[in-house]
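The values are calculated or read from the model by the stated rules, or taken from the named source; none is laboratory data. As the structure is a computational prediction, the values presented were derived from the model and not from experiment. Quick reminder, even Gly has a Cβ in these numbers, built from the backbone with ideal geometry, and neighbours come from all protein chains shown.
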Amino acid sequence: MNPIQAVRGMNDILPDEAERWLWFESEVQDWLAQYGYRNLRTPLVENTQLFRRAIGEATDIVEKEMYSWRDELNSEELTLRPEGTASCVRAAIEHSLLHDGPKRVWYAGPMYRHERPQKGRYRQFHQYGVEALGYPGPDVDAEHIVMCAALWRRLGLEGIRLELNNIGSAEERAKYRAELRKFLLKNVDRLDEDAKRRMQTNPLRTLDSKNPLVKEVVAAAPSLMEFLGEASLAHFDALKALLHSQKIEFKLNTRLVRGLDYYNLTVFEWVSDRLGAQGTVCGGGRYDGLFAQLGGKAAPATGFAMGNERLLALLDEAGSAGKPPAPHIYVVCRGEGAFAYGFGVAEALRKAGYRVVQHAGETSFKSQMSRANASGALCALIVGENEVKENKVSMKLLREEVPQMTLERDGVLLAVRNNVPLARRAG
């Protein structure tokens, strides 16, 4: 019988790799707390109509990438969430989250898109999403971009550049869309089949085509900037001034439209050349119309999401991915009654705040000491039959050339405190 394997593009994260994830998540969540963002958790499964209405019928996500099915028992169309903003806004509307004022929130977890798996792009992928709900001004747009730059510094990541655009209001985009469609019709013979389809359904999506021939065509297309009114330009000018004040460099990319229909005004992407074709590690923008679009009271909002797998790949490439701290103590035990005796010693030390690994299984003292060394622990506590009989524990400092000590059981905690630096004690 053949073994069952994981679904293609949905990957196991094994313990060695998961340690890097835990470190990364700890850093990100501390960073979010610095900016006053609070956690919001939404279901993995939502009503399909939520994403059709929010993301747009004529987008790649809705047309080709969603995992959707019909729940015959409840007569519902359901979808595994392909992104987090729509769920966040749905939850804010459903629970009247803004009844007492704007909110800063974040969420994290797996998202699902049915696409061809490749490096940096998976069918199950993980994101952190950051949303500022109820804030209308460019100050919060700037906050999101500045806080991203702060995270890159915190993680030791270099070479991530910012691309920025303003796509105006829905009315301004409608006028531009009409002109862009006219331009594309004049050049239809130079477009691929995907661009021809998008020209009719969502012409703005032709602007971020990856086909070099299509990119050459749209390079000569009218610019959306020419269609922006006074209010949209003022919003953009204020945002740029705030970024300049914080010395945040950016490239104006008038072809940047993002892949979701709910955006307006500010859109941005943080991009790296170190990940091949999947260069965007973080992206977002303003979506002031989404609350009303989903049936709620109109409210301004802005946010961004970043891809965990892509950022971890950059950390690996830079050699800066941290690891959780090693255990302070490794308990070595062998012989009759040794495990139960060592178990009590280990628990007492854990209650005092130490990280303790106790060996399990019948293995020689030599093998256990080898594992203790490999664990990174500062000391090994050794329990054999003699220690059990005499109510004692032997202590071996693993990172210093000093003789092994024999301790009364009641003196173990004091001895550990005297030999394990306080910097290693925080759990």
Mind checking which residues of the stretch 134-163 are touching a Leu at 6+ places or on another chain (Cβ under 6 Å) and not in a helix (DSSP H, G or I)? G134, L157, E163
Checked the stretch 164-189 for anything among the β-branched types (V, I, T) and assigned to a helix (DSSP H, G or I); matches are V188
Any chance you could count how many residues in the stretch 190-237 are of a type outside the set (D, E, K, R) and in a loop (DSSP other than H, G, I, E, B)? 11
Show the residue pairs that are 6+ apart or on different chains and have beta-carbon atoms under 8 Å apart, the first residue being within the stretch 335-349 and farther than 13 Å from G361 by Cα, the second being surrounded by fewer than 21 Cβ atoms within 10 Å (Cβ to Cβ) and among the basic types (K, R). V345/R409
Matching residues in the stretch 290-303 - criterion: being outside any helix (DSSP H, G or I) and surrounded by fewer than 19 Cβ atoms within 10 Å (Cβ to Cβ): L294, G295, G296, K297, A298
Select the strands (runs of 3 or more DSSP E) contained entirely in the stretch 61-121, then report the ones holding at least 3 residues which are surrounded by fewer than 19 Cβ atoms within 10 Å (Cβ to Cβ) and either without any contact (Cβ under 8 Å) to a residue 12 or more places away in the chain or of a type in the set (D, E) (or both). 68-71
Among A241, A195, A221, the single one that is among the aliphatic types (A, V, I, L, M) and assigned by TED's automatic domain parsing to the domain that holds K64 is A241
Verdict on A234 being under 28 Å from R113 (Cβ atoms), surrounded by fewer than 14 Cβ atoms within 10 Å (Cβ to Cβ), free of Cβ contacts under 8 Å to residues at least 12 places away in the same chain and out of contact with any Asp or Glu (no Cβ under 8 Å at 6 or more places or on another chain): no
For the list (1) modelled with pLDDT under 95; (2) outside any loop (DSSP other than H, G, I, E, B); (3) more than 30 Å from Q49 (Cβ to Cβ), I need the number of the one condition that R255 fails. (2)
